[in-house]
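The structure appears below as structure tokens.
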Amino acid sequence: MKTFGLILIIAGIAMIVIRGFSVKTEKKVVDLGPLEVNKTENRWIGWPTYAGGIVAVVGLVLVLSNRKK
């Protein structure tokens, strides 16, 4: 669980720093036999900043709860 907790902490920090990413998608607009018209769009995939904080805190709890006393 310690390794998984560390991965969550790193992922949470990355989610806070990088708020999302852009993905290119291609849509078919017109298809007339041999003639095709396509449209390329940029889609933004993002998440709220507090989600990264929650992921980091859950990872921290996993790491701290795994410590031997």
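When you count the other C-beta atoms within 10 angstrom of each residue and take the mean per peptide, 15-23, 30-38, 53-61 line up highest first as 53-61, 15-23, 30-38. Counting lysine pairs in the chain whose alpha carbons fall under 21 angstrom apart, excluding pairs fewer than 8 residues apart on the same chain, gives 5.
Estimated from helices alone, the mean residue ellipticity of the chain at 222 nm is -16000 deg cm²/dmol (sum of -39500 (n - 2.57) over DSSP H runs with n ≥ 4, per residue).
Using 0.36 nm per residue and subtracting the Cα-Cα separation, the extra length available between T3 and T49 on full extension is 14.2 nm.
Spin-label model, I13/L60: points 7 Å from Cα along the beta carbon direction are separated by 1.2 nm.
Considering the values (i) 10.8, 32; (ii) 20.5, 72; (iii) 16.2, 55, which represents Rg and Dmax of the Cα atoms in Å as calculated for the structure under consideration? Entry (ii).
A short reminder: the numbers here are calculations on the coordinates, not readings from a lab. Predicted, not measured: the structure shown is a model, and the values here were computed from it. Quick reminder, even Gly has a Cβ in these numbers, built from the backbone with ideal geometry, and neighbours come from all protein chains shown.
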